[in-house]
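Working notes, beginning with the structure itself.
The values are calculated or read from the model by the stated rules, or taken from the named source; none is laboratory data. Because the structure is predicted, anything quoted here is derived from the model rather than measured. Using ideal geometry, Cβ is built from the backbone for each residue, glycine included, and neighbour counts are taken over all protein chains shown.
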Amino acid sequence: MATQKDVAKKAGVSFITVSRVINNEGNVKEATRKKVEDAIRELGYFPSFAGKALNSGRNNTIGIMTPIRFNEGIENTYLMSLLKGIERACRENGQDILLSPMVEDSGSFDYLRPYRQRKVDGLIYVGLQSLSGSMIDEINDLLIPCIVIADRPGHKRISWIDTDNERAGYETTKQIWKRGHRVIAFHGLEPAIHNANIADREAGFRRAFRELAGTEPDERLFIRSGYDGESIRKSIHALFNPACRYRGTPEPTAVFCSTDNRAIAVVQELASLGLTVPGDVSIVGFDGFARFYHSSPTIATNAQPLPEMGELAVRILLEHITNRNLPRREVVMTVPFVDGESLGNLGTPGGRA
């Protein structure tokens, strides 16, 4: 395997000159640079990653931590959409990526090890679950450059990028109301499962309903389940099957689902009950993933700007890596409503009469 000394000998230059060319530093004549580059190609030389890191104190590698499970289809879409933007920004800035999935049953695993072992220069955390207090303390103690996507940690050293879920929930409810729907259900999470973004979407729904109806929404129309499709389908079955519905609970004409995977599962369960979308019930989701599943009808949803969030996270993190004294950044991005066939107008063709 060729070494840097071999390149210097073949090009007839000093070891330092080769180092300057490899690191794209100045003070090298164009003719000399070409000789070194030709020698590198002829010898098939690749710079030592470890040696370069030792000399510069940088690995040009960004670590990504995420609690997302790779066997969950729609969560994969969320992560892949973020990674699309992260990869694009890393490629433009000469950075590599090291991905560390946070497996739920490995509580003793050291997720900060890539930084501790100097394999990465900084960390991006995809915060579908909040960072633990112990991890925040260690990030602070080790002065780890870190940015969180989809959560808002309160620590002064940790930057974050999130979407305006409360506003999106508010505006989406107004869209449903504008189509003539007055009995609207909200499909959210079980109380034992914390997700700040979904809680904000529900808060936006409640705010809009109070303004539009002049009263609080009917608590019987808040449907809750876990993340899995089976519990989602059971919750919808209990609301729309007359034999299961609580006495006096009105049958909604629309369901605002807090995620797209809920919207897809709801459409499937309604079909099993002989109900059509949007003919009998209108459905709206959230995230924008349903657009990739070619469902029929197409799902009205809210499209999170995930690739853009990933790109911006890389750019902010690189700023923190370069200057550890920069104040933290807090970025809130809007989530536009995307219409779809699943949201019908009451009293018009394609919607419930």
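Can you find a residue that is on the phi > 0 side of the Ramachandran plot and of a type outside the set (Gly, Ala, Ser) anywhere in the range 182-189?
Here is the first cut: in the range 182-189, the ones on the phi > 0 side of the Ramachandran plot are none.
No, the range 182-189 contains no residue that is on the phi > 0 side of the Ramachandran plot and of a type outside the set (Gly, Ala, Ser).
Select from the range 70-117 the residues that are of a type in the set (Gly, Ala, Ser), exposed (fewer than 13 other Cβ atoms within 10 Å of the Cβ) and at pLDDT 85 or above and list them in ascending order.
Answer for the range 70-117, where residues must be of a type in the set (Gly, Ala, Ser), exposed (fewer than 13 other Cβ atoms within 10 Å of the Cβ) and at pLDDT 85 or above: just 94.
Within the range 319-342, can you find the residues that are in a helix (DSSP H, G or I) and either more than 22 Å from residue 90 (Cα to Cα) or among the β-branched types (Val, Ile, Thr) (or both)?
Of everything in the range 319-342, those that are in a helix (DSSP H, G or I) and either more than 22 Å from residue 90 (Cα to Cα) or among the β-branched types (Val, Ile, Thr) (or both) turn out to be 321, 322.
Report, ordered by the first and then the second residue, all pairs with beta carbons closer than 7 Å, sequence separation of six or more or different chains, a first member in the range 257-276 that is closer than 18 Å to residue 172 by Cα, and a second member that is of a type in the set (S, T, N, Q) and assigned to a helix (DSSP H, G or I).
Short answer, once both residue conditions are applied: none.
Before we move on, is residue 313 among the small types (Gly, Ala, Ser), surrounded by 16 or more Cβ atoms within 10 Å (Cβ to Cβ), free of Cβ contacts under 8 Å to residues at least 60 places away in the same chain and not in a loop (DSSP other than H, G, I, E, B)? Talk me through it step by step, then tell me what you get.
Details: among the small types (Gly, Ala, Ser): yes; surrounded by 16 or more Cβ atoms within 10 Å (Cβ to Cβ): yes; free of Cβ contacts under 8 Å to residues at least 60 places away in the same chain: no; not in a loop (DSSP other than H, G, I, E, B): yes.
So residue 313 does not fit the description; no.
Restricting the search to the range 170-206, which residues are among the hydrophobic types (A, V, I, L, M, F, W, C), out of contact with any Leu (no Cβ under 6 Å at 6 or more places or on another chain) and in contact (Cβ under 8 Å) with a residue 40 or more places away in the chain?
176, 183, 184, 186, 189, 196, 205 - these are the residues of the range 170-206 that are among the hydrophobic types (A, V, I, L, M, F, W, C), out of contact with any Leu (no Cβ under 6 Å at 6 or more places or on another chain) and in contact (Cβ under 8 Å) with a residue 40 or more places away in the chain.
Among 228, 200, which is among the charged types (D, E, K, R) and in contact with a helix residue (DSSP H, G or I) (Cβ under 6 Å, 6 or more places away or on another chain)? Break it down stepwise before answering.
Details: 228 fails: in contact with a helix residue (DSSP H, G or I) (Cβ under 6 Å, 6 or more places away or on another chain).
Selected residue: 200, the only one of 228, 200 that is among the charged types (D, E, K, R) and in contact with a helix residue (DSSP H, G or I) (Cβ under 6 Å, 6 or more places away or on another chain).
Would you list the strands (runs of 3 or more DSSP E) that sit entirely within the range 120-206 and hold 2 or more residues that are over 15 Å from the mean Cα position of the chain (by Cα)?
184-189
In the range 3-58, what residues are part of a loop (DSSP other than H, G, I, E, B) and at pLDDT 75 or above? Break it down into steps so the answer makes sense when it comes.
Filtering the range 3-58 down to residues part of a loop (DSSP other than H, G, I, E, B) leaves 3, 12-14, 23-29, 44-48, 57-58.
Matches in the range 3-58: 3, 12, 13, 14, 27, 28, 29, 44, 45.
So which residues in the range 302-330 are among the β-branched types (Val, Ile, Thr) and either at pLDDT below 95 or not assigned by TED's automatic domain parsing to the domain that holds residue 98 (or both), if there are any at all?
Residues satisfying the conditions are 321, 322.
Kindly provide the set of residues from the range 207-247 that are without any contact (Cβ under 8 Å) to a residue 24 or more places away in the chain and assigned to a loop (DSSP other than H, G, I, E, B), ordered by number.
Matches in the range 207-247: 214, 215, 216, 228, 242, 243, 244, 245, 247.
In the range 238-297, what count of residues is obtained for those that are polar (S, T, N, Q) and at pLDDT below 80?
The number of residues fulfilling the criteria is 1.
Of the numbered conditions (1) within 19 Å of residue 77 (Cα to Cα); (2) surrounded by 18 or more Cβ atoms within 10 Å (Cβ to Cβ), residue 291 fails exactly one; give the number of that condition.
Of the numbered conditions (1) within 19 Å of residue 77 (Cα to Cα); (2) surrounded by 18 or more Cβ atoms within 10 Å (Cβ to Cβ), the odd one out for residue 291 is (2).
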